[in-house]
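First up is the structure itself, then whatever we jot down about it.
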Amino acid sequence: MENTLENKAKFFAQYFAQVVYNNRNYPEEKTQKLDSTLMSYTDKYDFLTLKTLLSIADEDLIHVARLAHERPGHDFKVTRNKDIFYVQTDYDRVGINYFISMMPRYASVCATMNFAKYKDEGFKSYTINIGKVNLSSERPIAYIAIVDYLRSKGYALPWMGLSVEKQIEYGWIKLKEA
């Protein structure tokens, strides 16, 4: 994707009505709410200040897990490793454990349901890849809900094949310091 003002405005629209807007010509000004007035004057000096998925809050990870599994009432627990985050429930009353893994560097979410061992049967598992945030998904409703939720919280995500790194290179975004 080319670095044009038209493409930049389309990208900015994904974060409309959020307090993420900045302009290099006015560094003393606070980050502002991105509204229709600011959108109509988008120029090469405008940028959004966004959060990296590496700094995602536990409550946001839990919300993503609930969206991925369409289980709003379940209690999830978060475990973090260097490159991958896990969110899971205990086994519920019918013997199902809901689990997601998120690879923030790749904006990828994988949802798994594990079925408890029954008598002589082995453990059973069902896994579905929610998909990289910029690709198609096997579960489009959960995928769309996750992307919308993460953007509504101001997280930097790939867009239309444009990586977060490329968005930074184009000057469209800066990442907040963790």
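Since every read-out is calculated from the coordinates, none of them should be taken as a lab result. Owing to the predicted nature of the structure, the values given are computational and were not obtained by experimental measurement. Here Cβ is always computed from backbone atoms with ideal geometry, including for glycine, and neighbour counts include all displayed protein chains.
Couple of notes before you dig in:
- If only residues of the stretch 33-47 that are polar (S, T, N, Q) and surrounded by fewer than 15 Cβ atoms within 10 Å (Cβ to Cβ) are counted, the one that is nearest to Gly154 (Cα to Cα) is Ser36.
- The stretch 8-22: number of residues that are in contact with a strand residue (DSSP E or B) (Cβ under 8 Å, 6 or more places away or on another chain) and either small (Gly, Ala, Ser) or surrounded by 15 or more Cβ atoms within 10 Å (Cβ to Cβ) (or both): 10
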